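Structure first, then comments.
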Amino acid sequence: MLESKKICVIAITVALCIGSNYALVSIPNFKVMDFFVFISGFVFGPLVGASIGILIWLIYGVMNPYGFVLQVWLATMFSESIYGLIGGLMEKRTASKNFYSNRFGLSFLFGIAGFFLTLFYDLITNIVYALAFSIPIGIALITGVPFALVHELSNTILFGSCSIPLIVALEKFIGGERFGVFKK
């Protein structure tokens, strides 16, 4: 793929994630950003995916409508980058498998990945929040359960149902390049 096209897609992805976060700010813990970061890693590799996760929070975190707390900002940057990193590593692990005829299996795999990545994200950010505000970690985790459930379930559904269509669309946009998973 041409470097300029890749840079364009990365910039658009960062802008899309930031815009979608603002658009969905009234719905607590429902966001499509995690999904886009994961897919970016899957399509462009772990380094690009992780970088997108960091870039998003470098911008959005400073202008976060919920306020700015340095420790939480750093934790969200780190945790968001994991979505892109794991997305890229999953592509490398699934590249040799033929999932074209088994979209259900791949969708299930993406859904499970979305759940566990989001569980990790929620644990890290809630623990850092507790430490930053001197709240007992157990209390922070318990009070965060309703928000975490929304976040984890929505990401499970989003990752499981939308990953394949978005990857196929990105392949077509990029010029028919194959990333290994959908080889016939």
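Can you spot a residue in the stretch 130-137 that is on the phi > 0 side of the Ramachandran plot and of a type in the set (Ser, Thr, Tyr)? Taking every residue of the stretch 130-137 in turn, at least one turns out to be on the phi > 0 side of the Ramachandran plot and of a type in the set (Ser, Thr, Tyr).
Just one of (1) crowded, with 16+ Cβ neighbours inside 10 Å; (2) over 14 Å from residue 34 (Cα atoms) fails for residue 117. It is (2).
State whether the residues of the stretch 54-73 include one that is at pLDDT 95 or above, hydrophobic (A, V, I, L, M, F, W, C) and outside any helix (DSSP H, G or I). Checking the stretch 54-73: not a single residue is at pLDDT 95 or above, hydrophobic (A, V, I, L, M, F, W, C) and outside any helix (DSSP H, G or I). Before we move on, is residue 7 free of Cβ contacts under 8 Å to residues at least 40 places away in the same chain, of a type outside the set (S, T, N, Q) and either closer than 16 Å to residue 156 by Cα or buried (at least 19 other Cβ atoms within 10 Å of the Cβ) (or both)? So residue 7 fails the test. For the stretch 32-46, the count of residues that are over 19 Å from residue 162 (Cβ atoms), surrounded by 17 or more Cβ atoms within 10 Å (Cβ to Cβ) and at pLDDT 90 or above is nonzero. Among the residues making up the stretch 145-170, those that are farther than 11 Å from residue 29 by Cβ and in contact (Cβ under 8 Å) with a residue 24 or more places away in the chain are 156, 157, 158, 159, 160, 161, 162, 163, 164, 166, 167, 170.
Listed by first and then second residue, the pairs with beta-carbon distance under 7 Å, at least 6 apart or on different chains, first residue in the stretch 125-144 and in contact (Cβ under 8 Å) with a residue 12 or more places away in the chain, second among the aliphatic types (A, V, I, L, M) and not in a helix (DSSP H, G or I), are 132/69. Under the condition of being touching a residue at least 12 places away in the same chain (Cβ under 8 Å) and either of a type in the set (Lys, Arg) or in a helix (DSSP H, G or I) (or both), the residues counted in the stretch 10-30 number 9. Of the residues making up the stretch 139-173, just one is modelled with pLDDT under 95, aliphatic (A, V, I, L, M) and in contact with a Leu (Cβ under 9 Å, 6 or more places away or on another chain), namely 164.
Taken together, 54, 82, 39 contain a single residue that is touching a helix residue (DSSP H, G or I) at 6+ places or on another chain (Cβ under 9 Å) and touching a residue at least 40 places away in the same chain (Cβ under 8 Å), which is 39.
The values are calculated or read from the model by the stated rules, or taken from the named source; none is laboratory data. Everything quoted here is computed from the prediction, not taken from an experiment. FYI the Cβ positions are ideal-geometry reconstructions off the backbone, even for glycines, and counts take in every protein chain you see.
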